[in-house]
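Below you'll find the structure, written out as structure tokens, and then a few comments.
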Amino acid sequence: MSNKTIIQDVLKGVCTEEDVSNAFFELANTPVVTFRFPNKARTLHIHQDSQVHEQHTGGIVWETSVLLLNFLLLSKVKIGKNVLELGAGCGLLGLGLALANDSVHVTVTDTAQVVAQVHKNVTTNQLQQDSRIKVCAMDWTRYQQDAIASSVTAHSFDTLVATDVLFSPELVQPLLETMQYFAKPDACMYLCVQIRCAKVHALFLEQLGDFGWIGSDVTDELRAIPECKWGPWMGCHLFQLTHI
Ligand SMILES: C[S@@+](CC[C@H](N)C(=O)[O-])C[C@H]1O[C@@H](n2cnc3c(N)ncnc32)[C@H](O)[C@@H]1O
């Protein structure tokens, strides 16, 4: 792929919130962005569609997905064998986790409309034959029907990941139900969010316990990783969620 826009190059040298905002503005307006893995052995190309904003927000790579991918690749946290990504958008995080960990199986999900973009990115990166990657529709408002349609089993995931999925009060409960339905009892979830609406954020944390989860804010761990330092400047929070 010629004229690659490498995400890490655009973010190189950022030292203020404004720098990071400008960098992501530039990235959002680029049809294809490329993530370079820390060992530089390979790259992941992600097609974006910044024109779809009216219909959904999954057409671009959001700050938190780059942040959580960097964190999970560069920190010492262990991810389980079966990983589920909810509200994946273009698929950077889920596909990135699969490419970086040979022993991991990743199910990348979003609404039916948005997973088309993930399928496109699977093809672009020639991952169609990789049996460790499954891409399917998983709408939080109809997760049981979607699970049956795609043969995704309840309580089968060790690790759940999601970024920038707290934006609508109506979707807080469906999201929590979906998390509860697919997580194994000893599962761990990494949720990275930029607080866009304080009310929705508070509602999610309030209802977490009703669904059997407990959350710790581990945002400080981002500050210890140079590639993640910009996250807290942007008001991004990282939560580690486990069952009570
Ligand atoms: C702000 S975008 C974040 C996308 C991606 N996680 C990222 O950080 O780049 C929010 C995502 O939530 C998805 N979403 C919205 N409503 C949903 C629902 N009912 N079920 C599943 N996903 C949904 C959108 O399609 C979109 O991809």
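Every number here is computed from the coordinates shown, using simple stated rules; none is lab data. What you see is a predicted model; the values in this text were computed from it and never measured. Note that we place each Cβ from the backbone using ideal geometry, even for glycine, and neighbour counts take in every protein chain shown.
Modelled spin labels at residue 210 and residue 19, positioned 7 Å past Cα toward Cβ, are 4.3 nm from each other. Within the chain, DSSP assigns beta bridges of which about 45% are antiparallel (rounded to the nearest 5). With each label modelled as a point 7 angstrom along the Cα→C-beta vector, the residue 223-residue 9 pair spans 3.3 nm.
In whole angstrom, how far apart do the alpha carbon centroids of segment 1-80 and segment 102-150 sit? Distance between centres, Cα-based: 19 Å.
Across all Cα pairs in the chain, the calculated P(r) in 5 Å bins from zero up to the longest distance comes to 1, 6, 14, 20, 22, 18, 12, 5, 1, 0 percent per bin.
The slack between residue 37 and residue 177, meaning 0.36 nm per residue of separation minus the straight C-alpha distance, is 47.1 nm.
Here the relative contact order of segment 22-124, from alpha carbon pairs under 8 Å that lie six or more residues apart, stands at 24 percent. Rg/Rh for segment 119-235 stands at 0.99; both radii use Cα atoms, and Rh follows the Kirkwood definition. Highest mean first, the peptides 29-37, 211-219 sorted by other C-beta atoms within 10 Å per residue fall in the order 29-37, 211-219.
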